Amino acid sequence: MQTSMTTQASVQAFQALVNEIHDLNATQSLLGWDLEVMMPAKGAPLRAKQLATLAKFSHNLMTSNEMQEHLRNLRQPGVYDRLDTMSQALVREVGRAYDKSVKTPIELLQEMVETTAEAHNSWVTARANKQFKQFEPVLRKIISLNQRLADALGYEDSPYNALLDEYEPGLTVKQLDPLFAKLKSELLPLLKGIQNSGYVPDTEFLKKGFFPKEKQLAFAEMVLRDMGFDFESGRLDLSAHPFSSGSSTHDVRLTTRVDEHDVFSALSSSMHEGGHGMYEQGISPALNRTLLAEGTSLGIHESQSRMWENQVGRSKAFWQAYFPKLQETFPELAQVTLDQFYHAINRVQSSFIRVESDEVTYNLHILLRYELEKALIEGQMKVDEVPEAWSAKMQEYLGITPANDAEGALQDIHWSHGSFGYFPTYTLGNLYSAQFFNTAKKQVPNLEKSISQGQLLPLKSWLNQEIHVVGKMENAETIVQRVTGEPLNATYFVDYLWGKYGEIFSIKR
Ligand code: ZN
């Protein structure tokens with residue numbers, strides 16, 4: 001009796017500490033949103049200080065003696081086993097974050113912050129000049145810091161595993177290699193088939209005309225409401241780069257950007273961010289103010305955004321319901337048929353820029369980055385070899401060669417941020433989304449029919465119940481196994497692509 005009282009008190013004190021850490025993190029997140037969406041330009045220098053102060057307090061609490069004491073106590077087998085499921089998950093996840101914090105030397109973190117601040121400017125300049133050479137020195141430093149970070153965190157097999165774990169807990173090279181090998185062997189012939197089909201959908205009408213901002217935003221908001229995004233627990237604003245963030249399950253912020261000469265991109269990015277946002281809104285409110293009230297991994301998060309953006313937002317079923325509404329809003333499209341529109345938004349084309357690529361070529365862009373990152377971190381490639389390796393792989397996978405480094409190795413911001421191991425989570429998102437959607441089609445009665453009638457809530461409810469509600473109580477592996485009855489399997493994504501694009505381009509597998 002005495003022991004359980006003590007444990008009870010310890011759990012409560014531990015939770016109170018976790019709540020405070022979460023409050024600090026949530027406040028940082030809101031200040032970050034404000035910085036991108038509302039803040040006047042001159043606010044930037046002091047905002048950086050405000051964010052740094054909050055980060056320091058949060059880090060101090062996370063690595064405090066009090067935290068060490070709680071975890072030491074609550075992680076003891078006899079104690080841990082008797083905790084309720086939520087407390088166990090909390091001890092597990094906070095323990096993970098704590099272990100990482102104490103393993104990472106503070107000087108290393110400091111150096112990383114300083115180097116990436118320098119790297120950002122260097123990357124911007126190098127990209128403007130299209131000269132990878134100018135980015136090389138600082139990139140070399142970033143890679144060496146990442147290698148030191150991997151050593152500090154510890155790993156098996158490859159130092160790249162330690163970095164992957166930061167974004168997709170538990171993910172390893174051993175799991176990724178066969179997934180990418182499968183994608184490569186299936187996507188290259190698909191792309192060839194599409195290119196040899198001789199059919200190139202007309203996309204001109206998507207960008208011909210003037211599509212006023214207010215109308216585009218109103219349309220996106222209508223679709224978000226139909227999807228089930230809760231505007232009483234969230235909002236949609238404009239920013240230079242679309243993102244989603246927030247401070248709790250009841251405060252989720254989406255952003256989009258509008259090009260008045262493009263009828264599709266703002267809607268598509270809103271559906272993408274809406275998928276992220278609905279994940280956050282769908283987490284059990286009981287988990288608020290804890291580290292469990294967030295998406296379980298970047299890959300699972302991305303599966304939610306890609307499902308709405310692609311599986312739904314680029315499907316014929318969806319546009320059966322929404323194309324007439326789009327035509328009503330934008331009379332410029334009056335002469336366009338549903339099929340013409342559906343084909344236009346699913347055009348496939350080898351292009352240099354990842355963020356402009358389509359569903360078929362997208363993962364080949366990621367494969368290229370994965371192979372280069374892994375080789376750089378494992379020390380099998382030197383930084384000055386990157387541009388040439390990039391060109392060779394672009395030629396091999398997409399059949400095109402970038403004319404300069406801005407179209408090649410300098411296009412992404414990730415490496416200048418110090419992020420290595422992030423790119424693969426985009427591909428995981430695509431794979432998970434196809435696997436989840438395949439299960440949803442079996443479990444939600446008449447799913448595609450209801451989508452074609454503009455009824456999107458059955459899918460949302462299924463996602464809430466199967467994936468969102470548990471937050472971080474379950475990891476990615478557990479969720480995929482529980483929901484789909486098997487581990488992550490690239491077959492569903494490949495089948496989805498062949499099915500859809502085989503039909504559009506009249507080609508056989
Ligand atoms: Zn995303």
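Taking SER268 and the conditions (1) over 30 Å from GLY170 (Cβ atoms); (2) away from the ligand (no atom under 16 Å from the Cβ), which numbered condition does it fall short on, given that it satisfies the others?
(2)
Which numbered condition in (1) in a helix (DSSP H, G or I); (2) away from the ligand (no atom under 16 Å from the Cβ) is the only one that GLY454 fails?
Unmet condition: (1).
ILE194: assigned by TED's automatic domain parsing to the domain that holds LEU372 and crowded, with 17+ Cβ neighbours inside 10 Å, yes or no? Full working, then the answer.
Working: assigned by TED's automatic domain parsing to the domain that holds LEU372: yes; crowded, with 17+ Cβ neighbours inside 10 Å: yes.
For ILE194, the condition - assigned by TED's automatic domain parsing to the domain that holds LEU372 and crowded, with 17+ Cβ neighbours inside 10 Å - is met.
Inside segment 123-139, can you point out the residues that are more than 25 Å from the chain's Cα centre (by Cα) and surrounded by 14 or more Cβ atoms within 10 Å (Cβ to Cβ)?
Going through segment 123-139, the residues more than 25 Å from the chain's Cα centre (by Cα) turn out to be 125-126, 128-138.
ALA126, ASN129, LYS130, GLN131, PHE132, GLN134, PHE135, GLU136, VAL138 - these are the residues of segment 123-139 that are more than 25 Å from the chain's Cα centre (by Cα) and surrounded by 14 or more Cβ atoms within 10 Å (Cβ to Cβ).
State whether one or more residues within segment 306-313 are assigned by TED's automatic domain parsing to the domain that holds ASP358, β-branched (Val, Ile, Thr), within 30 Å of ALA13 (Cβ to Cβ) and away from the ligand (no atom under 13 Å from the Cβ). Spell out how you get there, then give the answer.
Just the residues of segment 306-313 that are assigned by TED's automatic domain parsing to the domain that holds ASP358, to begin with: 306-313.
From the residues that got through so far, the ones that are β-branched (Val, Ile, Thr) too are 312.
Those left that are additionally within 30 Å of ALA13 (Cβ to Cβ): none.
Looking for residues that are assigned by TED's automatic domain parsing to the domain that holds ASP358, β-branched (Val, Ile, Thr), within 30 Å of ALA13 (Cβ to Cβ) and away from the ligand (no atom under 13 Å from the Cβ), one finds none in segment 306-313, hence no.
Which residue pairs have Cβ atoms under 7 Å apart, sit 6 or more places apart or on different chains, and have a first residue in segment 254-283 that is without any contact (Cβ under 8 Å) to a residue 12 or more places away in the chain and a second that is of a type in the set (Asp, Glu) and away from the ligand (no atom under 11 Å from the Cβ)?
SER265/ASP259
Quick one: what pairs do we get from segment 79-92, first residue over 13 Å from VAL470 (Cα atoms) and surrounded by fewer than 17 Cβ atoms within 10 Å (Cβ to Cβ), second at pLDDT 95 or above and hydroxyl-bearing (Ser, Thr, Tyr), C-beta under 7 Å, 6+ apart or different chains?
Matching pairs, first to second residue: GLN88/TYR80.
Only helices (runs of 4 or more DSSP H) wholly contained in segment 1-89 count here; list those with 3 or more residues that are aliphatic (A, V, I, L, M) and closer than 22 Å to LYS103 by Cβ. Spell out how you get there, then give the answer.
Values: elements: 2-37, 44-62, 65-74, 77-80.
Because the criterion is at least 3 residues that are aliphatic (A, V, I, L, M) and closer than 22 Å to LYS103 by Cβ, the helices (runs of 4 or more DSSP H) in segment 1-89 that meet it are 2-37, 44-62, 65-74.
Considering only residues that are touching a Ser or Thr at 6+ places or on another chain (Cβ under 6 Å) and in a helix (DSSP H, G or I), look in segment 281-298 and name the one that is nearest to the ligand (Cβ to nearest atom).
LEU298
Select from segment 241-265 the residues that are at negative phi and either in a helix (DSSP H, G or I) or within 16 Å of the ligand (Cβ to nearest atom) (or both) and list them in ascending order.
The answer is HIS241, PRO242, PHE243, SER244, SER245, VAL252, ARG253, LEU254, THR255, THR256, ARG257, SER265.
Would you pick out the residues in segment 284-300 that are closer than 19 Å to SER461 by Cβ and touching a helix residue (DSSP H, G or I) at 6+ places or on another chain (Cβ under 7 Å)?
GLY295, ILE300, listed by residue number.
Only one residue in ALA48, ALA89, ALA97 is more than 26 Å from TYR155 (Cα to Cα) and not assigned by TED's automatic domain parsing to the domain that holds HIS417. Which one? It would help to see each step written out before you state the result.
Details: ALA89 fails: more than 26 Å from TYR155 (Cα to Cα); ALA97 fails: more than 26 Å from TYR155 (Cα to Cα).
Going through ALA48, ALA89, ALA97 in turn, just one is more than 26 Å from TYR155 (Cα to Cα) and not assigned by TED's automatic domain parsing to the domain that holds HIS417: ALA48.
Find the residue count for segment 93-122, including only residues that are surrounded by fewer than 18 Cβ atoms within 10 Å (Cβ to Cβ), closer than 22 Å to SER64 by Cβ and of a type in the set (D, E, K, R).
Within segment 93-122, residues that are surrounded by fewer than 18 Cβ atoms within 10 Å (Cβ to Cβ), closer than 22 Å to SER64 by Cβ and of a type in the set (D, E, K, R) number 5.
The values are calculated or read from the model by the stated rules, or taken from the named source; none is laboratory data. This is a predicted model, so every value here is computed, not measured. As a convention, Cβ positions derive from the backbone with ideal geometry for all residues, glycine included, and neighbour counts pool all protein chains shown.
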